[in-house]
Amino acid sequence: MLIRNALHRGDRIDLRIEAGRIAERGHELDPFDGPTYDARGGELLPGLHDHHLHVQSLAASLASVRCGPPTIRDRNALAEALVAAEPIEGWIRGTGYFESVAGDLDRDEIDALRDDVPIRIQHRSGVLWFLNSKAIEALDLGGADRPGLERDARGRITGRLFRADAWLRDHLPPTPPPDLARVGRRLATYGVTSITDCTPSNAAADYERLAKAHSTGALPQRLQVMGTLGLEQTCSRLPVGAHKIMLDESALPVFDALVARIRAAHDEGRPVAFHAATRTELHFALAALESAGPVFGDRMEHASVAPPEAMEALARLRVTVVTQPNFVRERGDDYQRDVDTSDLPHLYRVKSWLDRGVPVRFGTDAPFGDPDPWAALEAAVERRTPDGQVLGEGEKVSPEEALLCFLEHDRSPTIGGLREGDPADLCLLDRPWERARTRFSQVRVVQTWVGGAPLQADDAPSDV
Ligand SMILES: [Zn+2]
């Protein structure tokens, strides 16, 4: 295949793709009667690598309707999303509701938005479900009296159901396993050609599910799977990544046991990846890593609050930071309000890490973050909160520095990439880089290729 008429760093280029790799790069190349693709002057880039997401959870969330900020901010937007939603197994499932959208929901409120199918909407806190009348009917709640089922003064069910997840699971129609092809198509829409699944509980069965989706082409992106100790690579195209270690500062593990666990992972030939979201978790992880002795590839996920002394330790231990500037864009106002003032300057740093020579990668943490890497890139450059405030002026990076954090490790030395011999993992933008770099969130990816094969993308990326 020949990709013609592409822009790359100001240069108009053609690429010849053979056997999944870039065979030739030049100007006005001869198509030799093979198929050609006209890039129409769009910027051609290496495909993006999302270094931290959760494939199976993302698949489940793509089958749900987002009902809260930042996607949904008012009642009209919520109504549109519910009306557009396609029921799965006869139901519509909503997630992430917050009162800033349309106040305190109840059955009548949801009926007014949509009343032809059962709808259940989960509050962002996770402790409360809102049901419409069809849902109350389908669950046969009429005569039921169960804890958590709210009734008004006249005894009518309001549609609010508290702390009832286990009960709901038993009373809802069985849901099919999440469709991983949705994830493949969605990520193709963004030009993502490789991903690292960072789910700590990934075990053999999860690995098998991901391997099957990959081998059938449902999930065509290149994929690395983190997970539990002892996780074995049984598929040649699906490498096992770091051993993921969750830390929760309210229940930290015994220090010596943690050190032993790091050593056990290293003995398996695997680096470790710590979930470290708070100052305490970061310090604890670094102390354990220092004691066990770090290896190449050890990672700190999030490093959300990084005070100077932790930054020095991290740089000394040569640990890679995998962070989420998108959280500034998605939750920055909550941080301004809720985070300890002394921690605010240390939040989701990027520039400070780069200045200290610490390798930085970006991952969206989808579905807990927005899976759109272009929104994350804009956040890294502008650091704007949903209300438009700048959070962490000193942590802004250039568009080019930001993009490097979303590329694969071994293809990152320059934004150039696209060398002859590289895998043909590519994405084509709808505009030249000069216009993309000033407003990443408006960039549209026209086509994505993995190993030279074009990927099928979502038609309507905003319809979740
Ligand atoms: Zn995560």
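The values are calculated or read from the model by the stated rules, or taken from the named source; none is laboratory data. The structure displayed is predicted, hence computed values, not measured ones. Ideal geometry is used to build each Cβ from the backbone, glycine not excepted, and the neighbour counts take in all protein chains shown.
Among the helices (runs of 4 or more DSSP H) contained in the stretch 63-170, which hold 1 or more residues that are under 23 Å from the mean Cα position of the chain (by Cα), farther than 26 Å from Asp370 by Cβ and basic (Lys, Arg)?
Output list is empty.
For residues in the stretch 289-317 being in a loop (DSSP other than H, G, I, E, B) and without any contact (Cβ under 8 Å) to a residue 40 or more places away in the chain, which is farthest from the ligand (Cβ to nearest atom)?
Among those that are in a loop (DSSP other than H, G, I, E, B) and without any contact (Cβ under 8 Å) to a residue 40 or more places away in the chain, it is Gly293.
Quick check: anything in the stretch 251-271 within 16 Å of the ligand (Cβ to nearest atom) and under 23 Å from the mean Cα position of the chain (by Cα)?
The answer is no, given that none of the residues of the stretch 251-271 is within 16 Å of the ligand (Cβ to nearest atom) and under 23 Å from the mean Cα position of the chain (by Cα).
Kindly establish whether Ala366 is assigned to a helix (DSSP H, G or I), within 16 Å of the ligand (Cβ to nearest atom), within 18 Å of the chain's Cα centre (by Cα) and not acidic (Asp, Glu).
On the way: assigned to a helix (DSSP H, G or I): no; within 16 Å of the ligand (Cβ to nearest atom): yes; within 18 Å of the chain's Cα centre (by Cα): yes; not acidic (Asp, Glu): yes.
So Ala366 does not fit the description; no.
Return only the number of the condition from (1) more than 16 Å from the ligand (Cβ to nearest atom); (2) assigned to a loop (DSSP other than H, G, I, E, B) that Leu377 does not satisfy.
(2)
If you check Arg337, Arg361, which single one turns out to be within 16 Å of the ligand (Cβ to nearest atom) and within 28 Å of Glu309 (Cα to Cα)? Please lay out each step first, then the result.
Numbers: Arg337 fails: within 16 Å of the ligand (Cβ to nearest atom).
The unique qualifying residue is Arg361.
From the set of residues in the stretch 32-54 that are closer than 17 Å to Asp422 by Cβ and in contact with an Asp or Glu (Cβ under 6 Å, 6 or more places away or on another chain), which is surrounded by the fewest Cβ atoms within 10 Å (Cβ to Cβ)?
His49
Which of the following residues is surrounded by fewer than 20 Cβ atoms within 10 Å (Cβ to Cβ) and within 16 Å of the ligand (Cβ to nearest atom): Ser57, Ser133?
On the way: Ser133 fails: within 16 Å of the ligand (Cβ to nearest atom).
The unique qualifying residue is Ser57.
Would you confirm whether or not the stretch 212-228 contains a residue that is within 16 Å of the ligand (Cβ to nearest atom), more than 19 Å from the chain's Cα centre (by Cα), assigned by TED's automatic domain parsing to the domain that holds Trp374 and exposed (fewer than 15 other Cβ atoms within 10 Å of the Cβ)?
So far as the stretch 212-228 goes, no, none of its residues is within 16 Å of the ligand (Cβ to nearest atom), more than 19 Å from the chain's Cα centre (by Cα), assigned by TED's automatic domain parsing to the domain that holds Trp374 and exposed (fewer than 15 other Cβ atoms within 10 Å of the Cβ).
Going residue by residue through the stretch 71-81, is there one that turns out to be closer than 30 Å to Gln224 by Cβ, crowded, with 16+ Cβ neighbours inside 10 Å and in contact (Cβ under 8 Å) with a residue 40 or more places away in the chain?
First pass over the stretch 71-81, keeping only residues closer than 30 Å to Gln224 by Cβ: 71.
Next, from what is left, pick out any that are crowded, with 16+ Cβ neighbours inside 10 Å: 71.
Checking the rest, the ones that are also in contact (Cβ under 8 Å) with a residue 40 or more places away in the chain come to 71.
Scanning the stretch 71-81, I find at least one residue that is closer than 30 Å to Gln224 by Cβ, crowded, with 16+ Cβ neighbours inside 10 Å and in contact (Cβ under 8 Å) with a residue 40 or more places away in the chain, so the answer is yes.
For the list (1) free of Cβ contacts under 8 Å to residues at least 12 places away in the same chain; (2) within 16 Å of the ligand (Cβ to nearest atom), I need the number of the one condition that Ala153 fails.
All conditions pass for Ala153, except number (2).
Can you list residue pairs whose Cβ atoms sit under 6 Å apart, with the first residue in the stretch 192-217 being modelled with pLDDT of 95 or more and the second being in a helix (DSSP H, G or I) and within 16 Å of the ligand (Cβ to nearest atom)? Count only pairs 6 or more apart in sequence or on different chains.
Listed by first residue and then by second, the contacts come to Asp197/Val55.
State all residues of the stretch 417-464 that are hydroxyl-bearing (Ser, Thr, Tyr), at pLDDT below 95 and part of a loop (DSSP other than H, G, I, E, B); if no residue qualifies, say none.
Passing the criteria: only Ser462.
So which residues in the stretch 136-191 are among the β-branched types (Val, Ile, Thr) and surrounded by fewer than 17 Cβ atoms within 10 Å (Cβ to Cβ)?
Within the stretch 136-191, Thr175 is the sole residue that qualifies.
Asp355 - would you say it is modelled with pLDDT under 95 and either away from the ligand (no atom under 16 Å from the Cβ) or of a type in the set (Asp, Glu) (or both)?
Working: modelled with pLDDT under 95: no; either away from the ligand (no atom under 16 Å from the Cβ) or of a type in the set (Asp, Glu) (or both): yes.
No, not satisfied.
I'd like the full set of residues that are at pLDDT below 95, exposed (fewer than 14 other Cβ atoms within 10 Å of the Cβ) and in contact with a helix residue (DSSP H, G or I) (Cβ under 9 Å, 6 or more places away or on another chain), limited to the stretch 235-264.
Correct list: Arg237, Asp248.
For Asp197, only one of the following conditions fails: (1) in the same structural domain as Arg361 (by TED's automatic domain parsing); (2) within 19 Å of Pro371 (Cβ to Cβ); (3) more than 16 Å from the ligand (Cβ to nearest atom). What is its number?
(3)
Please find, within the stretch 312-362, the residue that is surrounded by the fewest Cβ atoms within 10 Å (Cβ to Cβ) out of those that are of a type in the set (Val, Ile, Thr) and under 25 Å from Pro386 (Cβ atoms).
Filtering the stretch 312-362 for residues that are of a type in the set (Val, Ile, Thr) and under 25 Å from Pro386 (Cβ atoms), the one surrounded by the fewest Cβ atoms within 10 Å (Cβ to Cβ) comes out as Thr341.
How many of the residues in the stretch 272-288 are free of Cβ contacts under 8 Å to residues at least 40 places away in the same chain and within 16 Å of the ligand (Cβ to nearest atom)?
Total satisfying the criteria: 7.
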